[in-house]
Amino acid sequence: MATRSRSWIERWDPEDESFWQQTGAKVARRNLVFSVLSEHIGFSVWTLWSVMVLFMGPEYGIDPAGKFFLVSMATLVGAFARVPYTFAVALFGGRNWTVVSASMLLVPTVVAFVVMEPGTSYTTFLVCAALTGVGGGNFASSMTNINSFFPMRQKGWALGLNAGGGNIGVPVIQLAALAVIGADGGPRVLLGIYIPLIAVSALCAALFMDNLATVRNDTGAAREAARDAHTWIMSFLYVGTFGSFIGYSFAFGLVLQTQFGRTPLQAAGVTFIGPLLGSLIRPVGGRLADRYGGARITLWNFVGMAVATGVVALASVAESLTLFTVAFIVVFVLSGLGNGSTYKMIPGIFRTKALAKGLTGEEAAAYGRRLSGASMGLIGAVGALGGLGINLAFRQSFQTAGTGTGAFVAFLAFYAVCFAVTWSVYLRGSAARSAAAATTEAKPQLSYAEV
């Protein structure tokens, strides 16, 4: 494993079993650990305003619709930040960009520390919420980077662990907020906890991570990925899984406060559970996808999400807080499982296309890495926009009807469409081709059933 400097690795071939066993696995896992740390803090900062609004009582003069718009702003900027962050890894190096992106988290945190008090204008709060979008961008660069370190057979587990460890940043900051509120502390106490943690994550990236010289910024790959229909199909499905996870993470506490009259402490005591379980199960979704195929896991996951969302809608109509909370948490868990299975599908799809082109071995693996890495930023960005849609749907539902029931019915219908798309694109055609292959001697055709 030759190096250009202390932090640049010149040769990287994880598909070579000998290379992987001797040196690759150790290096990849070390980078994964500190990638998770940086992404974890990034998610905490991105979802900062989901807990800041819990501190904003009547003295701030902001109604529930205004609070939903605040968290929507953070989601919007975080979604768009994911596109340039994806290509920054190949341009600057995974280690170098992790140092920069982790350090940038200081900006929204310090600014919020300065302005977080009654009397600050709503426009200022909107700008602060928008700045936290840099934390949302961290996910794209982190996933693109880790995708290059691991062999195909372990991508589901590695990407799931990386994303799941990052996603846990959501419930962790909510738990921290719960502790601060419970101790009668203010929002500046919470922000003061995170400022040194950000500095630590940037320092660890600088000391312990590596750049892969084999990863090159390839605008041709970006254009090719953007032209490929599967990039946009997977973006749509990722709206259903990750869009749900991040949208509900931002909105859950506000829904409990607005619809069920929970106090900030009562809301904070519940809101962390769903994101925590959804984060922890994401690697399981990736592992199941490695074993059974991401398309199959994703398909039945959408069935579960639709059923659980139907229960949430019924509980909303019946005003049953207990049933509403339990069903909502189930939706969180399933969204996390689906996050792992859908992201596993991405490298599998492009590897399958490489094989269909007649490529084999490292050539096929390189093609898959090239296209999947380029597509991840677009898929992650569009998926995050689903979170924006969820928060805007809640805002509209509460403005017009005073409850979130209408929004939940819309989400249920969307999951049904996601189920139909997954089946028709990745499983129905594959089943038909398998049946044809069993009765004819035709050349095997492109199949995505195992991705």
Restricting to Cα pairs under 8 Å and 6 or more apart, the percent relative contact order of the chain works out to 24 percent
Measuring from the longest principal axis of the C-alpha atoms of the chain, the long axis of helix 429-439 (C-alpha) lies at a number of degrees, nearest 10, equal to 30 degrees
With all protein chains present, the stretch 258-338 has a carbon and sulfur share of its accessible area (1.4 Å probe) in percent of 71 percent
Under 5 Å from the placed amide H of residue 8, counting only residues 5+ away or on other chains, we find 211
Taking a probe of 1.4 Å and leaving out DNA, RNA and ligands, the chain shows per residue an accessible area in Å² of 37 Å²
Diffusion coefficient in µm²/s returned for the stretch 26-88 by Stokes-Einstein, Kirkwood Rh over C-alpha pairs, 20 °C and 1.002 mPa s, is 154 µm²/s
Sequence order, the stretch 285-301: Karplus ³J(HN,Hα) from phi using 6.51 cos²θ - 1.76 cosθ + 1.60, θ = phi - 60°, Hz rounded, Gly and Pro as x, gives x, x, 5, 4, 5, 4, 8, 10, x, x, 5, 5, 5, 4, 4, 6, 5
Simple spin-label estimate for residue 59/residue 292, 7 Å along Cα→Cβ, in nm, reads 5.2 nm
Per the helix-only model, the chain has a calculated mean residue ellipticity at 222 nm (DSSP H runs of ≥4, -39500 (n - 2.57) each, divided over all residues, rounded to the nearest 500) of -26000 deg cm²/dmol
Cα-only Rg/Rh for the stretch 196-310 with Kirkwood Rh rounds to 1.07
Compactness summary of the chain: radius of gyration and Dmax from Cα atoms, Å, are 21.7, 75
Ranked output for segments 188-201, 109-122, 242-255 by mean other Cβ atoms within 10 Å, highest leading, reads 242-255, 188-201, 109-122
Of the listed links 26/353; 155/353; 26/357, those spanning more than 28 angstrom between alpha carbons are 26/353; 26/357
Low-density loop trypsin sites (Lys or Arg not before Pro), the stretch 202-249, at most 12 other Cβ within 10 Å, DSSP non-H/G/I/E/B, are 216
With x for Gly and Pro, the residue-by-residue ³J(HN,Hα) of the stretch 377-393, computed from phi through the Karplus equation 6.51 cos²θ - 1.76 cosθ + 1.60 at θ = phi - 60° and given in whole Hz, is x, 5, 5, x, 5, 5, x, 5, 4, x, x, 4, x, 5, 5, 5, 5
Given 405-416, 68-79, 360-371, the highest-first ranking by average Cβ count within 10 Å works out to 68-79, 405-416, 360-371
Residue-ordered couplings for the stretch 71-83, obtained by feeding phi - 60° into the Karplus form 6.51 cos²θ - 1.76 cosθ + 1.60 and rounding to whole Hz (Gly and Pro as x), are 5, 5, 4, 4, 5, 4, 5, x, 5, 5, 5, 5, 5
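The values are calculated or read from the model by the stated rules, or taken from the named source; none is laboratory data. Keep in mind the model is a prediction, meaning the values are calculated, not measured. Using ideal geometry, Cβ is built from the backbone for each residue, glycine included, and neighbour counts are taken over all protein chains shown. Note: areas computed on protein heavy atoms with side chains; ligands, DNA, RNA excluded. Shrake-Rupley method; radii C 1.70, N 1.55, O 1.52, S 1.80 Å.
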